[in-house]
Amino acid sequence: MVEIYKSQETGHLEKLTLKSLQKGSWINIVDPTPYELREVSEVTQVEPDFLRAALDEEERSHLDVEENSIMILTNVPIVYEEESYDTLPLSIILTKQYIITVCLEETPVMSSFNARTARLFHTYKRTQFLLEILYRSSTFYLRYLRQINKLSDEIEEQLRKDMRNNDILRLMELQRGLTYFNASLRSNDAVFEKLLRFRNNRTLDGILEFYEEDEDLLEDVIIENKQAREMVEMYSQILSQMADIFSSIISNNQNMVMKFLAAMTIIIAVPTVIASFFGMNVPVPLSENHLGFVIVILIAVLASTVAAIIFWRKNMFWD
């Protein structure tokens, strides 16, 4: 899918086509076909490899420069289900006339740039629009991290009440999302630092042009990204410690159950041994006594009671 927009002075977005493409347009490409990529490449004179870079889900963040364009590939956060967090590559390509974004799926980051928010960005201010996309991506990382923290608190409360496999699997899913976030934020940080060094690169004049407010925005992007990294590391440690603690609790509970079962097995085994002794097919004490059965029962009950008292004093029935 290829959608083309251009900001107007009136503050709204005008939708264009490749045939009516104008300078300052934003070309948004989502899950494109080979024909669409070839068509955009021919119209914009952008290298096909630049357009295809973000279509690899495993692509790491990086920055590439060609004679007539620059590509900033970053990883943006995405939520597939309620608690399934992941990242996707997003390439932002700047030329002297256009800004092009390419992604495999529609993401919340790019969806936030729409007709309702058109007054907050300008497609013809390409460098500023690039930085606004990067800043929006960092804010979504922070938003999702707060959601993960809230979910982890809910899971902890549930595990305190009842340790169910479903809650443990939810905890594992959050840990996996944090791992993806951590890897993406680290690679994004390297790209942002490189972009900061490029702000005075004269070879990119006409493509990447920084004004004073743009430099301030880029610094905000770097600060937000570092804050997200610190939050990821902190939440990862918390979830890891939580998992270790509940794993220890589960192991301890299992030991308590095994201890209780062992004590009960011994207590039950005592009457069995006594009954087996008096049930042998040979002359045994009390065999001629008409109260022999009652006496044997009393001996078994007494022996079991003594064993139960001993185990009770040794705390074999509880912790």
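None of the figures in this text is laboratory data; all of them are computed from the coordinates on show. Worth saying up front: this structure is predicted, and the values here are computed from it rather than measured. Virtual Cβ from ideal backbone geometry, glycine too; neighbours counted across all protein chains shown.
Before moving on, here are some points about what is shown:
- Footprinting exposure proxy for THR107, THR87 (fewest neighbouring C-beta atoms within 10 Å first): THR107, THR87
- Per DSSP, loop trypsin sites (Lys or Arg not before Pro) in the stretch 1-45 with at most 11 further Cβ within 10 Å: LYS19, LYS23
- The chain: calculated mean residue ellipticity at 222 nm from DSSP helix runs of at least 4, using -39500 (n - 2.57): -20000 deg cm²/dmol
- Positive-end residue of THR44, PHE121, PHE181, charge dipole of the chain with Cβ unit charges: PHE181
- Among ARG229, ARG160, ARG119, residue whose mean-square fluctuation peaks in a GNM of the chain (springs only between Cα atoms under 10 Å): ARG160
- Between the residues ALA53, ILE295, ILE4, the greatest Cα displacement towards the positive end of the dipole of the chain, with unit charges on the Cβ of Lys, Arg, Asp and Glu, is found for ILE295.
- At the listed q of 0.06, 0.10, 0.11 Å⁻¹, the Debye profile of the chain, built from one uniform point per Cα, gives log10 I(q)/I(0) equal to -0.39, -0.68, -0.77.
- Chymotrypsin sites (Phe, Trp or Tyr not before Pro) restricted to DSSP loop in the stretch 219-317 with at most 16 other C-beta within 10 Å: PHE317
- Loop-resident GluC sites (Glu not before Pro) (DSSP state other than H, G, I, E or B) in the stretch 229-289 with no more than 16 further Cβ atoms inside 10 Å of their Cβ: GLU288.
- Over the stretch 238-319, the Kirkwood radius and the radius of gyration, each from Cα atoms, give a ratio Rg/Rh of 1.30.
- Too-long pairs where the Cα-Cα distance tops 20 Å, listed order kept, from LYS6/LYS125; LYS23/LYS125; LYS15/LYS125; LYS23/LYS194; LYS259/LYS314; LYS19/LYS125: LYS23/LYS194; LYS19/LYS125
- Taking other Cβ atoms within 10 Å as a rough exposure proxy, ASP214, ASP162 sort from fewest to most as ASP162, ASP214.
- Highest-fluctuation residue, ILE99, ILE295, ILE249 considered, GNM on the chain with Cα pairs under 10 Å: ILE295
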